[in-house]
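Novice: Have a look at the structure that comes next, please.
The values are calculated or read from the model by the stated rules, or taken from the named source; none is laboratory data. Nothing here was measured: the structure is a model prediction, and the numbers come from that model. Cβ coordinates were reconstructed from backbone atoms using ideal geometry, including for glycine residues, and neighbour counts include every protein chain displayed.
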Amino acid sequence: MINLTINGKPLTVPEGTTILEAARSAGIAIPTLCYLEGRPPLGACRVCLVEVEGARTLMASCSTPVAENMIVRTHSARARAARRRVVELLLSEHDGNCPTCDRNRTCELRALADSLGIERLPFEGSKARRRVDSSTPALVRDNAKCIKCRRCVAVCSEVQSVGALFPQNRGFDTLIGPAFTQDLEGVACVQCGQCAAVCPVGAIVEKSHVEAVWKALETPGQVVVIQTAPAIRASLGEEFGLPPGSRVTGKMTAALRRLGFHGVFDTNFTADLTILEEGTELLGRLRRTLVDGAKGLLPMFTSCSPGWINFAEYYYPQFLPNISTCKSPQQMFGAIAKTYWASKIGKSPQQITVVSVMPCTAKKFEAQRPEMTASGVPDVDFVLTTRELARMIRESGVDFLSLPEEEMDVPLGISSGAADIFANTGGVMEAALRTVYEIVTGRELPFEKLHVTPIVGLAGIKEASLSIRNVKPEWSFLEGVELKIAVSHGLGNTRRLLEHLKNNGSPYHFIEIMTCPGGCIGGGGQPRFTNDEVRTRRIAAIYAEDEGKPIRKSHENPAVQQIYREYLGKPNSETAHRLLHTHYHPKQP
Amino acid sequence: MPKSLDSFAPCACCDRPLTEEEMVTRCHEIVQEYKDKPGGLIPALQMAQSLFGYLPKPVVKAIADGFGKSYSEVSGVVSFYSFFSTRPRGKFLIRVCLGTACYVRGGKDVLEALKKKLGVEVGETTPDRNFTLDVGRCFGACGMAPVVMINDTVHQRVKPGRIGELLTRVLTGENPTAERERA
Ligand code: SF4
Ligand code: SF4
Ligand code: SF4
Ligand code: FES
């Protein structure tokens, strides 16, 4: 342990702790820009400079380890002046107009200027020539607002192992972006939006669908329905000042009604539907492998995360046949709303507009895939991120916090607790096991509160096995089978897992992949800023939501049972295949 | 510098420049040679550039793929170092000084004359790959302004009207130092 003093306060911290970490643990806030929790410090922005007694120069606290008897002053006049100069310089090159900027309320640069008391800019720097890149369906990049902190570089290359963004050129000409400063569509970016989630300023943001949704709501005769992904109810509150982990399902529902949506539905409904389709597909693949001796059908990967689908199509085409053919719950919802539900209310697919609220930017990409048009028109018309929905609510004048709790509409708003946990890593797997195990054995999944504990939590790659015994007669081929499963979240972890499978073969039967760290609760469209503490709290909220539901298993959802009776027939039926399944193709940028 | 340069040198019997596809094919051999060496990326890029004269984007992409690195990361390296070029370079690199002294004494006119004569813009190379036109800032010969540097030779008091003559002299090798191949 190391003893030191920060701002006169004696502290004892483990060796190897940085000054920044030590200060934060003592409740002293040092501003940072390039620092990203959990990644090695870059020491590039110099906003975190502090005064260390005896040192000639100021030190970057994010990258300086503590030393015995160190005396640190984080906010001395010298430190403040230096910090102010750094930010003044950034602002002098920065070309943005706060009132019209997407980050207006949440910009870290703006907040920094405020906390440093910057009142005017002593110099006028030359600005980078603005180039706005809106080449992809998910993201808009504006290089003139970029402060070159490189957080996006760290997250894209180290966390997601994609490496779409890197510094290009040098000196004043440096730009952070895709190869040779081309537009993002020219490189193999998976559209996950993690770069937009960590960017401190308005240099990378989601492509907004807000105006298009307002317009649809005002189109006479058009039936506009909305579906909300499970992860939204555990994060939307943060946009209105509630602490991370606040559950706002009822208020969110009320807000959506006030915005004027004609049907307030739940992606959870089609998450339950997904479990029946995907669980049946898994059992089919197991049967063909174990009974007919078919090769190459296992492991089966989950398919609900569109960033993962892009990742596999770009980087691991050999695994495409192993990905479940199930569309994601978002797309299933659109297909069902424009067929089954449309006919129930006597409308054509064209008369229905489906809007989704997703924690995800890749969902914007997924919605415009040409194959996602089961009813002849796109399954889903517009995709709002959690942040965009919050903006619409603010724009509408609705006072979110004082709204009553309301219930979603039937039938597409009915769901089980298993659907809620689609929001976090391990959840889709757990939901599937709750159903598959019960179909095969007739008994409930043998875990306390139905939670498959080995795959709960934020470890990067998790695995478990489940022994299947005393099966029902029709599943005798599964008697004694040790079902092996794995779960990974974040594409860096996923790449590690896939490389391992590539080189050593797969011991697994079923693998869940989620693109974003923590799963959808940590998606690229979620309220900023998401760190592990926030992830943990949102996950706790999701499990609480699940446990609070009277129905915890997808196959017990009465609305799902009804749609099979009335419309789809059996899981994996021909109609189900036409509406709810898809195919994947290798691709290049 | 790389050893087995001859084994995949461009076509030995003629001067036909390689197409970008041919370059990409040859890249695989370069990648094999350097892939497992620590810090092998920059030498591999240098090798490719010395073989092809420049690093077209498909070559950068192929080298990135070969090293298991992202295209954006390797392009970042290529665009960071000024000795890499992603555009073809001519046998002769012409750099017109636009430092203050040369500028006021007609450097700009010399540049315009060169652009017109060669039919290229700054940074471009003539289709016959003889000349690349570029600008520079002060070669330390302000007394003789305006100056133009062609490969390693400084040409002084260049007159826009006599650009044609200068180029012919360079091409025919009348100026001994200008003839030296670029390293
Ligand atoms: S990025 Fe921040 S400082 Fe720049 S215009 Fe937007 S809000 Fe203002
Ligand atoms: S969306 Fe994801 S893959 Fe694309 S640049 Fe951003 S972080 Fe990288
Ligand atoms: S785009 Fe944003 S995160 Fe990336 S370097 Fe620029 S300011 Fe930083
Ligand atoms: S936060 Fe320490 S140098 Fe950027």
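Novice: Are any residues in segment A:64-84 of a type in the set (Lys, Arg) and surrounded by 14 or more Cβ atoms within 10 Å (Cβ to Cβ), and if so, which ones? Before the answer, list the steps.
Specialist: So in segment A:64-84, the residues of a type in the set (Lys, Arg) come out as A:73, A:78, A:80, A:83-84.
Residues satisfying the conditions are A:Arg73, A:Arg80, A:Arg83, A:Arg84.
Novice: Since B:Pro56 meets every condition but one in (1) within 14 Å of chain A (Cβ to nearest Cβ); (2) at pLDDT below 90, which condition does it not meet?
Specialist: Going through the list (1) within 14 Å of chain A (Cβ to nearest Cβ); (2) at pLDDT below 90, B:Pro56 breaks only (2).
Novice: Quick one: which residue in A:Ala67, A:Ala81, A:Ala60, A:Ala77 is touching a residue at least 60 places away in the same chain (Cβ under 8 Å), away from ligand 1 (no atom under 16 Å from the Cβ) and away from chain B (no Cβ under 14 Å)?
Specialist: Numbers: A:Ala81 fails: touching a residue at least 60 places away in the same chain (Cβ under 8 Å); A:Ala60 fails: touching a residue at least 60 places away in the same chain (Cβ under 8 Å); A:Ala77 fails: touching a residue at least 60 places away in the same chain (Cβ under 8 Å).
Just one listed residue meets the conditions, A:Ala67.
Novice: Just checking, how many residues over segment A:346-368 are surrounded by fewer than 18 Cβ atoms within 10 Å (Cβ to Cβ) and either assigned to a loop (DSSP other than H, G, I, E, B) or aliphatic (A, V, I, L, M) (or both)? Please lay out each step first, then the result.
Specialist: Taking segment A:346-368 first, the residues surrounded by fewer than 18 Cβ atoms within 10 Å (Cβ to Cβ) are A:346-348, A:350-351, A:368.
Next, only the ones that are either assigned to a loop (DSSP other than H, G, I, E, B) or aliphatic (A, V, I, L, M) (or both) stay: A:346-348, A:368.
Total meeting the criteria: 4.
Novice: Which one of these is crowded, with 22+ Cβ neighbours inside 10 Å and under 27 Å from A:Leu286 (Cα atoms): A:Gly460, A:Gly426? Break it down into steps so the answer makes sense when it comes.
Specialist: Numbers: A:Gly460 fails: crowded, with 22+ Cβ neighbours inside 10 Å.
Of the residues listed, the single one that is crowded, with 22+ Cβ neighbours inside 10 Å and under 27 Å from A:Leu286 (Cα atoms) is A:Gly426.
Novice: To continue, here is another question. Only one residue in A:Phe319, A:Phe311 is in contact (Cβ under 8 Å) with a residue 40 or more places away in the chain, assigned by TED's automatic domain parsing to the domain that holds A:Asn572 and buried (at least 21 other Cβ atoms within 10 Å of the Cβ), so which one is that?
Specialist: Details: A:Phe319 fails: buried (at least 21 other Cβ atoms within 10 Å of the Cβ).
Result: A:Phe311 is the single residue among A:Phe319, A:Phe311 that is in contact (Cβ under 8 Å) with a residue 40 or more places away in the chain, assigned by TED's automatic domain parsing to the domain that holds A:Asn572 and buried (at least 21 other Cβ atoms within 10 Å of the Cβ).
Novice: For segment A:158-194, what are the residues that are within 9 Å of another protein chain (Cβ to nearest Cβ) and among the β-branched types (Val, Ile, Thr)?
Specialist: Those that are within 9 Å of another protein chain (Cβ to nearest Cβ) and among the β-branched types (Val, Ile, Thr): A:Val162, A:Thr174, A:Thr181, A:Val187.
Novice: Under 8 Å between Cβ atoms, at least 6 apart or on separate chains: pull out the pairs that start in segment A:450-477 with a residue that is of a type in the set (Ser, Thr, Tyr) and end on any residue that is part of a strand (DSSP E or B).
Specialist: A:Ser465/A:Glu482; A:Ser465/A:Leu483; A:Ser465/A:Lys484; A:Ser465/A:Ile485; A:Ser467/A:Glu482; A:Ser467/A:Leu483
Novice: Separate question: Please name all residue pairs, on different chains or six or more residues apart, with Cβ atoms under 8 Å, provided the first residue is in segment A:147-160 and is of a type in the set (Gly, Ala, Ser) and the second residue is more than 16 Å from ligand 1 (Cβ to nearest atom).
Specialist: A:Ala154/A:Leu36; A:Ala154/A:Arg39; A:Ala154/A:Leu42; A:Ser157/A:Gly163; A:Ser157/A:Leu165; A:Ser157/A:Phe166; A:Ser157/B:Ser70; A:Ser157/B:Glu73
Novice: Consider segment B:110-147. How many of its residues are among the charged types (D, E, K, R) and farther than 25 Å from B:Thr172 by Cβ?
Specialist: Filtering segment B:110-147 down to residues among the charged types (D, E, K, R) leaves B:112, B:115-117, B:121, B:124, B:128-129, B:134, B:137.
With farther than 25 Å from B:Thr172 by Cβ added as a condition, the list becomes B:121, B:137.
Qualifying residue count, segment B:110-147: 2.
Novice: Could you list all residues from segment A:344-395 that are at positive phi and in contact (Cβ under 8 Å) with a residue 24 or more places away in the chain? Quick ask: steps written out before the conclusion?
Specialist: Step one: of segment A:344-395, the residues at positive phi are A:346, A:376.
A:Gly376 - this is the single residue of segment A:344-395 that is at positive phi and in contact (Cβ under 8 Å) with a residue 24 or more places away in the chain.
Novice: With within 10 Å of ligand 3 (Cβ to nearest atom) and surrounded by fewer than 20 Cβ atoms within 10 Å (Cβ to Cβ) as the only criterion, which of A:Asn97, A:Asn104, A:Asn143 stands out? I'd like the intermediate steps shown before the answer.
Specialist: Values: A:Asn97 fails: within 10 Å of ligand 3 (Cβ to nearest atom); A:Asn104 fails: within 10 Å of ligand 3 (Cβ to nearest atom).
Being within 10 Å of ligand 3 (Cβ to nearest atom) and surrounded by fewer than 20 Cβ atoms within 10 Å (Cβ to Cβ) holds for just one of A:Asn97, A:Asn104, A:Asn143, which is A:Asn143.
Novice: With in contact with a Leu (Cβ under 8 Å, 6 or more places away or on another chain) and either within 21 Å of A:Arg387 (Cβ to Cβ) or not in a loop (DSSP other than H, G, I, E, B) (or both) as the only criterion, which of A:Ala144, A:Ala79 stands out? Step through it out loud before you land on a result.
Specialist: Numbers: A:Ala144 fails: in contact with a Leu (Cβ under 8 Å, 6 or more places away or on another chain).
Only one candidate passes the filter, namely A:Ala79.
Novice: Please verify whether A:Val153 is within 16 Å of ligand 4 (Cβ to nearest atom), assigned to a loop (DSSP other than H, G, I, E, B) and under 25 Å from A:Pro41 (Cβ atoms), treating the condition exactly as stated. Step through it out loud before you land on a result.
Specialist: Working: within 16 Å of ligand 4 (Cβ to nearest atom): yes; assigned to a loop (DSSP other than H, G, I, E, B): no; under 25 Å from A:Pro41 (Cβ atoms): yes.
No, not satisfied.
Novice: Scan (1) away from ligand 4 (no atom under 16 Å from the Cβ); (2) in contact with a strand residue (DSSP E or B) (Cβ under 7 Å, 6 or more places away or on another chain); (3) more than 13 Å from chain B (Cβ to nearest Cβ) for the single condition A:Lys145 breaks and write down its number.
Specialist: For A:Lys145, the failing item is (2).
Novice: Limited to segment A:189-211, what total is found for residues that are assigned to a helix (DSSP H, G or I), out of contact with any Gly (no Cβ under 7 Å at 6 or more places or on another chain) and within 16 Å of ligand 3 (Cβ to nearest atom)? Walk me through how you get there before you give the answer.
Specialist: In the first step, residues of segment A:189-211 are kept if they are assigned to a helix (DSSP H, G or I); the result is A:194-198, A:210-211.
From what's left, out of contact with any Gly (no Cβ under 7 Å at 6 or more places or on another chain): A:195, A:198, A:210-211.
Add one more test, that the residue is within 16 Å of ligand 3 (Cβ to nearest atom), and what stays is A:195, A:198.
Residues meeting the conditions: 2.
Novice: Moving on. Taking segment A:396-408, which residues are touching a residue at least 24 places away in the same chain (Cβ under 8 Å) and closer than 22 Å to A:His209 by Cβ? I'd like the intermediate steps shown before the answer.
Specialist: Here is the first cut: in segment A:396-408, the residues touching a residue at least 24 places away in the same chain (Cβ under 8 Å) are A:396, A:398, A:400-401, A:403-408.
Hits for segment A:396-408 are A:Ser396, A:Val398, A:Phe400, A:Met408.
Novice: Sticking with this structure for a sec: Only residues that are within 11 Å of ligand 4 (Cβ to nearest atom) and among the β-branched types (Val, Ile, Thr): list them for segment A:15-51, please.
Specialist: If the condition is that a residue be within 11 Å of ligand 4 (Cβ to nearest atom) and among the β-branched types (Val, Ile, Thr), then A:Thr18, A:Ile19, A:Ile30, A:Thr32, A:Val47, A:Val50 are the ones that fit.
Novice: Same structure again: Among the residues of segment A:406-439, which ones are assigned to a helix (DSSP H, G or I), among the β-branched types (Val, Ile, Thr) and more than 21 Å from the chain's Cα centre (by Cα)?
Specialist: Within segment A:406-439, A:Thr435, A:Val436, A:Ile439 qualify.
Novice: Exactly one of (1) in contact (Cβ under 8 Å) with a residue 12 or more places away in the chain; (2) surrounded by fewer than 17 Cβ atoms within 10 Å (Cβ to Cβ); (3) part of a loop (DSSP other than H, G, I, E, B); (4) not charged (D, E, K, R) is unmet by A:Trp214. Its number?
Specialist: Going through (1) in contact (Cβ under 8 Å) with a residue 12 or more places away in the chain; (2) surrounded by fewer than 17 Cβ atoms within 10 Å (Cβ to Cβ); (3) part of a loop (DSSP other than H, G, I, E, B); (4) not charged (D, E, K, R) one by one, A:Trp214 breaks only (3).
Novice: Continuing with the same structure: Considering segment A:117-140 alone, what residues qualify as being within 16 Å of ligand 2 (Cβ to nearest atom) and either within 18 Å of A:Arg46 (Cα to Cα) or surrounded by 15 or more Cβ atoms within 10 Å (Cβ to Cβ) (or both)?
Specialist: The answer is A:Asp133, A:Ser135, A:Thr136, A:Pro137, A:Ala138, A:Leu139, A:Val140.
Novice: Okay, moving on. Among the residues of segment A:173-187, count how many are surrounded by fewer than 22 Cβ atoms within 10 Å (Cβ to Cβ) and either over 27 Å from A:Ser126 (Cα atoms) or more than 15 Å from ligand 3 (Cβ to nearest atom) (or both).
Specialist: Selection size over segment A:173-187: 4.
Novice: Does B:Val96 fit the bill of being within 14 Å of another protein chain (Cβ to nearest Cβ) and either among the aliphatic types (A, V, I, L, M) or buried (at least 16 other Cβ atoms within 10 Å of the Cβ) (or both)? If you could, list the steps in order and put the result at the bottom.
Specialist: Numbers: within 14 Å of another protein chain (Cβ to nearest Cβ): no; either among the aliphatic types (A, V, I, L, M) or buried (at least 16 other Cβ atoms within 10 Å of the Cβ) (or both): yes.
When the stated conditions are applied, B:Val96 does not pass them.
Novice: A further question follows. If the Cβ limit is 8 Å and pairs must be 6+ apart or interchain, which residue in segment A:27-56 that is in contact (Cβ under 8 Å) with a residue 60 or more places away in the chain and farther than 21 Å from A:Cys146 by Cβ pairs with which residue that is polar (S, T, N, Q) and away from ligand 4 (no atom under 12 Å from the Cβ)?
Specialist: From residues that are in contact (Cβ under 8 Å) with a residue 60 or more places away in the chain and farther than 21 Å from A:Cys146 by Cβ, the pairs are A:Gly38/A:Asn531.
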